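Report on one structure; see the data block that follows.
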Amino acid sequence: MSGPLDGEPASRAWEAGAPGVLLLPSGRLVRGRGLRHPLPPGPVPTFAVYLLGAEPPPVPWRSRWVRWPDFRLPADRTDAAAALREAWDRAPSERVEMACGAGRGRTGTALACLAVLDGVPADEAVAYVRDRYDPRAVETPWQRRFVSRFPSA
(Lines give C-alpha, C1' and ligand atoms only; values in the text may rest on other atoms or scores of the structure.)
Protein backbone atom coordinates (compact mmCIF):
# COMPACT_ATOMS: atom_id res chain seq x y z
CA MET A 1 0.00 0.00 0.00
CA SER A 2 1.26 3.44 -0.85
CA GLY A 3 1.10 6.34 1.58
CA PRO A 4 -1.33 9.26 1.81
CA LEU A 5 -1.09 12.16 -0.58
CA ASP A 6 0.77 14.83 1.40
CA GLY A 7 -1.14 18.01 2.03
CA GLU A 8 -4.32 16.82 0.29
CA PRO A 9 -7.50 16.72 2.38
CA ALA A 10 -9.14 13.30 2.22
CA SER A 11 -12.65 14.63 2.73
CA ARG A 12 -13.23 15.81 -0.84
CA ALA A 13 -14.97 13.44 -3.22
CA TRP A 14 -14.92 13.55 -7.03
CA GLU A 15 -17.05 16.01 -8.95
CA ALA A 16 -20.15 14.36 -10.44
CA GLY A 17 -19.91 14.40 -14.22
CA ALA A 18 -16.10 14.51 -14.29
CA PRO A 19 -14.49 12.13 -16.84
CA GLY A 20 -14.83 8.50 -15.76
CA VAL A 21 -16.74 9.27 -12.56
CA LEU A 22 -19.58 6.86 -11.79
CA LEU A 23 -22.39 8.03 -9.53
CA LEU A 24 -23.72 5.15 -7.44
CA PRO A 25 -27.32 5.14 -6.14
CA SER A 26 -26.18 6.12 -2.61
CA GLY A 27 -24.47 9.23 -3.98
CA ARG A 28 -20.98 7.73 -3.74
CA LEU A 29 -18.70 8.82 -6.59
CA VAL A 30 -15.97 6.50 -7.90
CA ARG A 31 -13.68 7.15 -10.85
CA GLY A 32 -12.74 4.44 -13.31
CA ARG A 33 -9.87 4.89 -15.72
CA GLY A 34 -7.35 3.15 -17.91
CA LEU A 35 -3.74 3.37 -16.78
CA ARG A 36 -2.55 3.37 -20.41
CA HIS A 37 -4.10 6.85 -20.72
CA PRO A 38 -2.73 10.02 -19.12
CA LEU A 39 -4.00 11.00 -15.70
CA PRO A 40 -7.06 13.22 -16.26
CA PRO A 41 -6.75 16.90 -15.34
CA GLY A 42 -7.97 17.94 -11.91
CA PRO A 43 -7.61 16.37 -8.51
CA VAL A 44 -5.80 13.07 -8.04
CA PRO A 45 -7.18 10.08 -6.13
CA THR A 46 -6.79 9.78 -2.39
CA PHE A 47 -7.23 5.99 -2.66
CA ALA A 48 -6.99 3.68 -5.67
CA VAL A 49 -7.44 0.01 -6.43
CA TYR A 50 -5.27 -1.18 -9.31
CA LEU A 51 -6.55 -4.27 -11.11
CA LEU A 52 -3.48 -5.58 -12.92
CA GLY A 53 -1.64 -8.80 -13.65
CA ALA A 54 1.64 -7.27 -12.45
CA GLU A 55 2.36 -4.93 -9.56
CA PRO A 56 1.74 -1.28 -10.50
CA PRO A 57 4.38 1.42 -10.10
CA PRO A 58 4.26 3.41 -6.86
CA VAL A 59 1.90 6.38 -6.62
CA PRO A 60 1.82 9.26 -4.10
CA TRP A 61 -1.66 8.31 -2.79
CA ARG A 62 -2.91 5.30 -0.88
CA SER A 63 -3.44 2.34 -3.17
CA ARG A 64 -4.12 -1.33 -3.19
CA TRP A 65 -3.14 -3.85 -5.87
CA VAL A 66 -5.44 -6.71 -6.84
CA ARG A 67 -3.70 -9.27 -9.03
CA TRP A 68 -6.12 -9.50 -11.93
CA PRO A 69 -4.83 -10.55 -15.38
CA ASP A 70 -6.36 -8.90 -18.44
CA PHE A 71 -9.62 -10.50 -19.66
CA ARG A 72 -9.66 -12.79 -16.61
CA LEU A 73 -10.86 -12.80 -13.01
CA PRO A 74 -8.97 -11.88 -9.84
CA ALA A 75 -6.31 -14.39 -8.80
CA ASP A 76 -7.55 -14.16 -5.19
CA ARG A 77 -11.28 -13.48 -5.08
CA THR A 78 -11.31 -12.98 -1.31
CA ASP A 79 -8.64 -10.29 -1.58
CA ALA A 80 -10.50 -8.69 -4.50
CA ALA A 81 -13.77 -8.59 -2.52
CA ALA A 82 -11.96 -7.01 0.46
CA ALA A 83 -10.35 -4.38 -1.78
CA LEU A 84 -13.69 -3.54 -3.41
CA ARG A 85 -15.42 -3.28 -0.05
CA GLU A 86 -12.63 -0.98 1.19
CA ALA A 87 -13.07 1.22 -1.90
CA TRP A 88 -16.84 1.34 -1.36
CA ASP A 89 -16.35 2.19 2.34
CA ARG A 90 -13.95 5.04 1.47
CA ALA A 91 -15.99 6.50 -1.41
CA PRO A 92 -18.33 8.74 0.62
CA SER A 93 -15.47 10.97 1.75
CA GLU A 94 -12.50 10.20 -0.49
CA ARG A 95 -11.59 10.31 -4.18
CA VAL A 96 -11.58 6.60 -4.95
CA GLU A 97 -10.27 5.34 -8.27
CA MET A 98 -10.55 1.89 -9.85
CA ALA A 99 -8.14 1.29 -12.73
CA CYS A 100 -6.82 -1.39 -15.07
CA GLY A 101 -4.94 -1.11 -18.37
CA ALA A 102 -7.71 0.15 -20.64
CA GLY A 103 -10.34 1.04 -18.02
CA ARG A 104 -13.06 -1.23 -19.43
CA GLY A 105 -13.05 -4.93 -18.57
CA ARG A 106 -11.54 -5.25 -15.11
CA THR A 107 -12.40 -1.67 -14.15
CA GLY A 108 -15.98 -2.09 -15.37
CA THR A 109 -16.27 -5.37 -13.51
CA ALA A 110 -15.01 -3.75 -10.30
CA LEU A 111 -17.38 -0.79 -10.73
CA ALA A 112 -20.29 -3.21 -11.26
CA CYS A 113 -19.33 -5.00 -8.03
CA LEU A 114 -19.33 -1.63 -6.24
CA ALA A 115 -22.82 -1.04 -7.66
CA VAL A 116 -23.89 -4.38 -6.14
CA LEU A 117 -22.45 -3.30 -2.78
CA ASP A 118 -24.41 -0.06 -3.20
CA GLY A 119 -27.72 -1.87 -3.63
CA VAL A 120 -28.02 -2.40 -7.39
CA PRO A 121 -29.31 -5.95 -7.98
CA ALA A 122 -26.45 -8.16 -9.18
CA ASP A 123 -28.32 -9.07 -12.38
CA GLU A 124 -28.65 -5.34 -13.23
CA ALA A 125 -25.20 -4.10 -12.19
CA VAL A 126 -23.44 -4.62 -15.54
CA ALA A 127 -26.16 -2.69 -17.37
CA TYR A 128 -25.98 0.03 -14.70
CA VAL A 129 -22.25 0.51 -15.30
CA ARG A 130 -22.56 0.30 -19.09
CA ASP A 131 -25.26 2.99 -19.04
CA ARG A 132 -23.37 5.34 -16.73
CA TYR A 133 -19.65 4.65 -17.25
CA ASP A 134 -18.77 2.90 -20.53
CA PRO A 135 -21.01 0.95 -22.93
CA ARG A 136 -18.22 -1.63 -23.39
CA ALA A 137 -17.50 -2.12 -19.67
CA VAL A 138 -17.29 -5.71 -18.38
CA GLU A 139 -15.86 -7.42 -21.44
CA THR A 140 -16.12 -11.18 -20.93
CA PRO A 141 -18.85 -13.68 -20.00
CA TRP A 142 -16.88 -14.77 -16.92
CA GLN A 143 -16.57 -11.13 -15.77
CA ARG A 144 -20.36 -10.77 -16.11
CA ARG A 145 -20.81 -14.01 -14.14
CA PHE A 146 -18.40 -12.74 -11.45
CA VAL A 147 -20.60 -9.65 -11.00
CA SER A 148 -23.81 -11.71 -10.95
CA ARG A 149 -22.40 -13.80 -8.09
CA PHE A 150 -20.78 -10.96 -6.16
CA PRO A 151 -22.11 -10.79 -2.58
CA SER A 152 -23.96 -7.61 -1.65
CA ALA A 153 -23.20 -7.89 2.05
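Within the chain, what's the longest run with no trypsin sites (Lys or Arg not before Pro) in a DSSP loop and at most 12 other beta-carbon atoms within 10 Å? Give the range, please. In the chain, the maximal stretch lacking such sites is 37-135. When 71, 146 are compared by accessible area at a 1.4 angstrom probe, the order from most to least is 71, 146. Can you tell me which of 115, 87, 18 moves the most in a GNM of the chain? Springs connect C-alpha atoms under 10 Å apart. In this elastic network of the chain, the residue with the biggest mean-square fluctuation among 115, 87, 18 is 18.
Net length available on complete extension from residue 44 to residue 77 is 9.2 nm, with 0.36 nm assigned per residue and the Cα-Cα distance removed.
Put simply, the amide H of residue 138, placed in the peptide plane, has neighbours under 5 Å in 105, 108, 109, leaving out anything fewer than 5 places away on its chain. Within the set of other residues whose C-beta is less than 15 Å from the C-beta of residue 25, count the net charge using Lys and Arg as +1 and Asp and Glu as -1. Here the charged neighbours net out to -1. For residue 64, the residues 5 or more places off, or on other chains, whose built amide H falls under 5 Å of its own are 48, 49, 50. Any chance you could give the angle, 0 to 90 degrees and rounded to 10, that helix 105-117 forms with the longest Cα principal axis of the chain? The two axes meet at around 90 degrees.
Share of carbon and sulfur in the accessible area of the chain stands at 53%, probe radius 1.4 Å. For the set 50, 133, the ranking by accessible area, highest first and with no ligand, DNA or RNA atoms included, is 133, 50 under a 1.4 Å probe.
Exposure check, 1.4 Å probe, all protein chains in place: residue 142 carries approximately 110 Å² of accessible surface.
Angle of helix 77-90 to the longest C-alpha principal axis of the chain, folded into 0 to 90 degrees and rounded to 10: 50°. Counting only Cβ charges, +1 for Lys and Arg and -1 for Asp and Glu, the dipole size of the chain around its Cα centre is about 300 debye. Near the amide H of residue 100, within less than 5 Å, lie the amide hydrogens of 33, 35, 51, 107, all on another chain or at least 5 residues away, with H placed in the peptide plane. Its residue count N fixes a reference of 2.2 N^0.38 Å for the chain, and the Cα radius of gyration divided by that reference is 0.93.
The values are calculated or read from the model by the stated rules, or taken from the named source; none is laboratory data. These figures come from a predicted structure and were not determined experimentally. Virtual Cβ from ideal backbone geometry, glycine too; neighbours counted across all protein chains shown. In case anyone asks, the SASA skips ligands and DNA or RNA and just uses the protein heavy atoms, side chains included. Shrake-Rupley method; radii C 1.70, N 1.55, O 1.52, S 1.80 Å.
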